[in-house]
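For reference, the structure discussed in these notes is given below.
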Amino acid sequence: MSHLRIAVLNAAHRDENTTRNFRRELDASLAEFDATDGTVPDDFAYDGAVVTGSRSSVYWDDDWMQPVKEWVGEAIDRGIPFLGVCWGHQLLADVLGGTVADMGVYEVGYSEIDHTGESRLFDGVDETFTAFTSHSDAVTELPPDAEPLAENEYSNHGFRTDRVFGVQFHPEYDTKTARELVHRKELSDERLESVLAEITEANYRQACEAKLVFDNFLEFVGEVRADGVDVETENRTATRVGRSD
């Protein structure tokens, strides 16, 4: 099978770490678009799409967000599988009718997250796993019919609806990205030192388990391309029909 064609909507305001991280983690033919200047694909000739993190908030009225939301909405309607990470997770929830809001607190560093739902996105990932996090906004209300997949004491950390998946944590981060991000944030000296102390090779290796979401997503995209059938959704639909008979 030829390489999957994946559109990457990069909302990271030209952070080179984001480009490097997603190119490393996604074993596919990537077409990258700078979402922060309103650039989106000209068409929908992609097997799947990924939306990255961003320092922006989904609910801001920035001009560049509207064309991104419009393209994402139409692509979802056309059945293109999506994976959103952090801001991308929130954007997908917003486009699908969910709610995103300021948490009033900043989660940053290596966090423990509980895998709460059954989904192929988390195949091979422990029920409780470690991942790097950095967010002060959260999906406070999931889109209609969305299934929660992961959470911790801060917020929802994963959901799925049909062919759309979102994760709040950052499975793509390496230690360089994590350290540079933390230094950019306005943290107290004490908290800065505490978070930097967490960014070790040992914690990074432990968090690498979460990177399986990329492989699992691409495997799902490949199956959708091969036969046009989302087996997991089809099975859930059959179950619901069976219960109503």
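Of everything in region 128-143, what is farther than 14 Å from Leu91 by Cα and either of a type in the set (Lys, Arg) or touching a Leu at 6+ places or on another chain (Cβ under 7 Å) (or both)? Give them in sequence order.
Correct list: Ser134 only.
Could you pull out the residue among Asp43, Asp15 that is at pLDDT 95 or above and of a type in the set (D, E, K, R)? Write out each step before concluding.
Values: Asp15 fails: at pLDDT 95 or above.
Step by step, each of Asp43, Asp15 is checked, and only Asp43 is at pLDDT 95 or above and of a type in the set (D, E, K, R).
If Arg5 passes every condition in (1) touching a residue at least 40 places away in the same chain (Cβ under 8 Å); (2) touching a helix residue (DSSP H, G or I) at 6+ places or on another chain (Cβ under 8 Å) but one, which one does it miss?
Only one criterion is unmet by Arg5, namely (2).
I'd like the full set of residues that are among the polar types (S, T, N, Q) and either more than 23 Å from Ala202 (Cβ to Cβ) or part of a loop (DSSP other than H, G, I, E, B) (or both), limited to region 125-141.
Hits for region 125-141 are Ser136, Thr140.
The values are calculated or read from the model by the stated rules, or taken from the named source; none is laboratory data. Just so it is clear, the model here is predicted, and its values are computed rather than measured. When we count neighbours, we look across all protein chains shown, and the Cβ atoms used for this are built from the backbone with ideal geometry, even at glycine.
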